[in-house]
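For reference, the structure is listed below as structure tokens.
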Amino acid sequence: MATALNTQFGINGQLKFREDAPVKGTPPDTRPVGGLGAASGLIVAEINNALGSASVCLQGAHLMSWQPKSQPVPVVWLSRDTQPAVGKSIRGGAPVCWPWFGAHATESSFSGHGYARTVPWQVIESGTEPNGATRLTLRLVESDKTRAQWPHDCNVDLTVIVGETLRMELTTENTGSTDFVIGEALHTYFQIGDIGAVRVTGLEGCDYWDKVGGSSLRTQDGAISFSGETDRVYINSAAECVIHDDKLKRRIHIAKSGSFSTVVWTPWVEKANKMGDMGQPDGWREMVCVESANAIENVVKIAAGTRHTLIVEYRAESA
Ligand code: BG6
């Protein structure tokens, strides 16, 4: 399958597809960073151009890594303990949460954050931007399983543009004759030096649902810093956020459009240990999620025959 994809969509010296073949006897801590390494059989698009590099797993349209050439350390974090498998979400990268965010409103048996991140997507387009960045577009593949959870006619596409910046565009097109409502997020895990040494700005004065220890509505006072589990859905905000990283001495800018919620999440030690795939012993300290979303009161109604696009653009600069 990787061979056929390379023939149709590969770009010489920029984009190639590979099947994640079994590496017999490879212990988890010697697996290549940014690659799957285990015997998942999943297909991964590897992008490498003069501006940056990235990898995208076709299952889930899951961006697994991104590093601009100007940065010595990746900007997107991937857990060293993630064990990708068919039908299982990868820990780290940028999971696509769709068509709901968090728990399903009524069906407790449906996966949290929707099914998009665990089902196959197919490649529909690739190309090179005028500035040399590489573009790849994937479309969610519908099946009986997806239709059982989401009985609406639609196309869901993710375009990833990899260069000195990383741009992702998640488009939902309602191709049916009735309106529907979606929740969604690009649930990106950012690589940081240490969770105790970062601040997130851009959400000062915003209201948020605090999901730690119940759910209560609060207002953000000043920059966000971290000293324990943090799980917040900031609402009614389209603002750009910045992660200020004193240890890696850099700032990560998170600009967005078509997104009116921002989720800020770190599990902290107890929850990370329970999750078991956050990179032992303290991988969780080296990531923070700043997710561009439409959640809770910001879910999006998409009228029949129309489309909605959530766009993010990430940029890292040395501080
Ligand atoms: C965040 C949620 O978006 O994702 C958290 O706000 C959740 O509540 C986290 O724990 C991770 O979710 P998952 O399903 O990838 O383990």
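Which of the numbered conditions does Gly214 fail, given that it passes all the others? Conditions: (1) surrounded by fewer than 19 Cβ atoms within 10 Å (Cβ to Cβ); (2) at negative phi.
Among (1) surrounded by fewer than 19 Cβ atoms within 10 Å (Cβ to Cβ); (2) at negative phi, Gly214 violates only (2).
Could you please find all residues in region 291-313 being assigned to a helix (DSSP H, G or I) and in contact with a Gly (Cβ under 9 Å, 6 or more places away or on another chain)? Step through it out loud before you land on a result.
Step one: of region 291-313, the residues assigned to a helix (DSSP H, G or I) are 296-298.
Ile296, Asn298, listed by residue number.
What is the one condition in (1) within 18 Å of the chain's Cα centre (by Cα); (2) farther than 30 Å from Ala304 by Cα; (3) away from the ligand (no atom under 16 Å from the Cβ) that Gly258 does not satisfy?
For Gly258, the exception is condition (2).
Looking only at residues that are in contact (Cβ under 8 Å) with a residue 12 or more places away in the chain and within 11 Å of the ligand (Cβ to nearest atom) in region 94-105, which one is surrounded by the most Cβ atoms within 10 Å (Cβ to Cβ)?
Filtering first and then ranking leaves Cys97.
Quick one: in region 109-138, which of the residues that are surrounded by fewer than 18 Cβ atoms within 10 Å (Cβ to Cβ) and free of Cβ contacts under 8 Å to residues at least 40 places away in the same chain is nearest to the ligand (Cβ to nearest atom)?
Step by step, filter region 109-138, then rank; the result is Gly112.
So which of Gly283, Gly276 is at pLDDT below 95 and either in contact with a Ser or Thr (Cβ under 7 Å, 6 or more places away or on another chain) or exposed (fewer than 14 other Cβ atoms within 10 Å of the Cβ) (or both)?
Result: Gly276 is the single residue among Gly283, Gly276 that is at pLDDT below 95 and either in contact with a Ser or Thr (Cβ under 7 Å, 6 or more places away or on another chain) or exposed (fewer than 14 other Cβ atoms within 10 Å of the Cβ) (or both).
Can we say Arg250 is of a type in the set (D, E, K, R), within 19 Å of Phe190 (Cβ to Cβ) and within 15 Å of the ligand (Cβ to nearest atom)?
no
Ile252 is checked against (1) of a type in the set (A, V, I, L, M); (2) buried (at least 22 other Cβ atoms within 10 Å of the Cβ); (3) touching a Ser or Thr at 6+ places or on another chain (Cβ under 8 Å) and fails just one. What number does that condition carry?
Status for Ile252: all satisfied but (3).
Answer yes if at least one residue in region 68-75 is within 13 Å of the ligand (Cβ to nearest atom) and in a strand (DSSP E or B), and no otherwise.
Checked against the condition, which is being within 13 Å of the ligand (Cβ to nearest atom) and in a strand (DSSP E or B), region 68-75 yields no hits at all.
Just to be sure, is Ile90 buried (at least 22 other Cβ atoms within 10 Å of the Cβ) and within 14 Å of the ligand (Cβ to nearest atom)?
Working: buried (at least 22 other Cβ atoms within 10 Å of the Cβ): yes; within 14 Å of the ligand (Cβ to nearest atom): yes.
Taking the combined requirement at face value, the residue satisfies it.
Looking at Ile311, Ile254, Ile296, which is the one that is under 20 Å from Ser225 (Cα atoms) and of a type outside the set (Phe, Trp, Tyr)?
Ile254
The values are calculated or read from the model by the stated rules, or taken from the named source; none is laboratory data. Note that the structure is a prediction, hence the values are computed from the model and not measured. FYI the Cβ positions are ideal-geometry reconstructions off the backbone, even for glycines, and counts take in every protein chain you see.
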